[in-house]
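The values are calculated or read from the model by the stated rules, or taken from the named source; none is laboratory data. Note that the coordinates shown come from a computational prediction; the quantities given were computed from them, not determined experimentally. Reconstructed Cβ throughout: ideal geometry from the backbone, glycine too, with neighbour counts over all protein chains shown. For accessibility, only protein heavy atoms count, side chains too; no ligands or nucleic acids. Shrake-Rupley method; radii C 1.70, N 1.55, O 1.52, S 1.80 Å.
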Amino acid sequence: MKIAFVASESNPLCKTGGLADVVYSLSKALIAEGNEVAVVLPFYQRIADIHLPLKKLGGFYIQMSWRHQGAAVFEYVLNGVRFLLIQNDYYFSRESLYGYQDDGERFAFFSLASLEALKTAGFKADVVHVHDWQAGMIPCLLKNRDDPFFYGAKTVLTIHNPAFKGMIDKYFLNDFYGLSDALFDSGAVRFEGMASTLKSGIVFADKITTVSPTHREELLTPALSQGLDGVLRLREKDFVGILNGIDTEEFDPRKDVYIARNYGRGKDLEEGKHANQSDLLSSFAVKWMGGPVYGIVSRLSYQKGIGLLLSSMERELSRGANFLVVGSGEYELEQRLEALRSRYPGTMGIYIGYNNALAHKVYAGSDFFLMPSLFEPCGISQMIAQRYGTLPIVRYTGGLRDTVQGYRDLGSKKPDGIAFRDYNEQGLDYAIGLAEEIYRDQGLYYALARTAMGLDRSWKKSAKRYMELYSSLF
Ligand code: GLC
């Protein structure tokens with residue numbers, strides 16, 4: 001099949017979160033199963049800065065009411081994935097990917113231009129698979145316009161983060177997208193008095209997916225759906241949860257080029273973990289305090305439970321634990337982490353920003369990996385940690401529920417991590433208590449680590465599920 005992904009980020013070109021991992025690794029897995037995949041992305045400044053060998057395929061103009069903006073389409077092929085990059089300096093030649101007051105307009109331009117770019121590339125997709133709010137309006141566009149190039153094409157929407165709904169004033173339905181106000185008046189794309197591109201995707205896509213089975217159930221539940229349960233219930237039979245995998249080539253402790261010593265689940269595990277832990281501590285210039293080393297690689301946001309972590313960290317630091325953090329995000333959380341580090345300069349390490357090499361070292365060298373998320377559609381880092389024999393400490397929510405079997409949890413057949421249920425300090429403290437208990441019994445620690453490392457996290461199974469979903473559309 002020919003599948004066109006339309007997304008706002010993808011490895012290895014531009015990334016702020018897990019979406020980028022999924023777009024690229026799922027593309028590769030689909031290609032390995034014999035499909036053709038094109039990935040349409042904005043040509044951000046960040047991509048221009050890499051100076052890739054690009055091929056220009058053509059250009060066109062997009063008319064959005066009075067706005068008349070040009071776009072050029074560049075192609076870059078990597079491991080069989082055909083990236084189609086949409087260049088427009090006015091919209092995309094900016095420092096960051098998002099966070100601008102005109103994001104609604106930027107991604108309206110991107111959505112409209114994506115469809116033209118597929119034509120320019122002559123990529124006649126069987127399935128146009130769009131991701132999150134940035135491309136959410138595309139299924140609606142395809143259903144409300146008569147474009148012979150897309151005759152027969154089916155659409156799929158994947159929800160990676162339901163917190164971002166792509167809210168625009170109803171006026172922009174017509175002003176950006178050339179769509180009728182009737183879509184708002186009928187309620188089809190209306191959300192809290194505005195138009196939502198994500199809701200529009202839910203209403204108009206032929207199938208809807210999210211990134212874990214548990215998160216699918218959550219999205220159908222008023223308390224956990226972030227306002228989307230009503231409309232998702234209307235589409236319940238077309239809505240599935242498919243668990244993400246991880247890139248098992250990039251994240252393989254036996255071959256990882258970023259870590260001090262390669263290791264597997266065999267006899268070399270203990271030695272490998274020790275060597276990587278010393279290297280990790282010295283990379284952050286901190287001293288081992290004789291207790292467990294906790295790692296965090298995360299967007300620093302309340303969604304990820306960083307606010308909750310801060311109070312427990314202070315206590316554990318005072319008791320001799322080490323904490324190492326790589327990430328960036330909400331300014332207030334960055335500041336609070338910095339303040340904590342200034343009180344424990346020799347034992348806590350922070351790297352504010354994204355640093356791939358250092359992230360790999362954290363996965364390999366920590367004893368425990370913290371991910372106490374408030375909500376988590378899937379989560380990828382916990383699976384990476386498991387592959388490196390680092391036990392994840394998670395809150396049972398969304399994909400964390402589907403990927404971790406908590407130690408001492410009656411429901412766990414074979415524990416491979418630590419989990420707690422309630423999003424509060426008692427919950428997290430209980431989990432940290434379990435971590436200490438496991439840490440004191442190194443035989444137990446390594447038994448759990450070996451179980452975690454043996455889990456199959458490749459994309460193969462999930463890619464097949466997406467293919468079944470695509471096939472069911474014809
Ligand atoms: C979003 C979600 C995360 C998920 C990722 C990829 O970042 O917050 O849970 O793993 O998308 O699907």
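Summary table below
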quantity: Most to least packed among 291-303, 375-387, 96-108 [average Cβ atoms within 10 Å]; calculated: 375-387, 291-303, 96-108
quantity: For the chain, size of Cβ-based charge dipole, Lys and Arg +1, Asp and Glu -1, in debye; calculated: 860 debye
quantity: Cβ-derived FRET efficiency at R0 30 Å, Lys287 paired with Glu425, nearest 0.05; calculated: 0.65
quantity: Listed residues Ser225, Gly417, Ala32: farthest to the positive end of the dipole of the chain (Cβ charges); calculated: Ala32
quantity: Relative contact order, percent, the chain [alpha-carbon distance under 8 Å, six or more residues apart]; calculated: 12 percent
quantity: CD proxy at 222 nm, helix term only [per DSSP H run n ≥ 4: -39500 (n - 2.57); per residue of the chain; nearest 500]; calculated: -11500 deg cm²/dmol
quantity: Accessible area of the chain belonging to carbon and sulfur atoms, whole % at 1.4 Å probe; calculated: 52 percent
quantity: Segment Tyr151-Asp89, extension gain: residue separation times 0.36 nm, minus the distance between their alpha carbons; calculated: 19.2 nm
quantity: Cα gyration tensor category, rounded, prolate or oblate, for segment 269-453 with a/c compared to 1.5; calculated: rounded
quantity: Glu236 accessible area, 1.4 Å probe, all protein chains in place, Å² to nearest 10; calculated: 80 Å²
quantity: For the chain: accessible area per residue (Å², 1.4 Å); calculated: 39 Å²
quantity: Overall form of segment 51-107 per C-alpha gyration tensor (a/c, 1.5; a/b vs b/c); calculated: oblate
quantity: Cα-based reach from Lys461 at 19 Å (exclusive), listing aspartates and glutamates while leaving out same-chain residues under 8 positions away; calculated: Asp21, Glu33, Glu36, Asp247, Glu249, Glu250, Asp252, Asp402
quantity: Pairs beyond 30 Å (Cα-Cα), from Lys15/Lys361; Lys56/Lys361; Lys414/Lys460; calculated: Lys56/Lys361
quantity: Cα gyration tensor shape for segment 378-425, rounded if a/c is under 1.5, else prolate or oblate; calculated: oblate
quantity: FRET efficiency estimate (nearest 0.05) - Cβ-Cβ, Ile352 to Glu332, R0 22 angstrom; calculated: 0.95
quantity: Lys pairs, segment 158-281 - Cα-Cα below 28 angstrom, 8 or more residues apart or on other chains; calculated: 10
quantity: Theoretical gain in end-to-end length, Lys143 to Met167 [0.36 nm per residue, Cα-Cα removed]; calculated: 6.6 nm
quantity: Helix runs (DSSP H) in the chain reaching 15 Å along axis by Cα, Kyte-Doolittle at least 1.0; calculated: 18-32
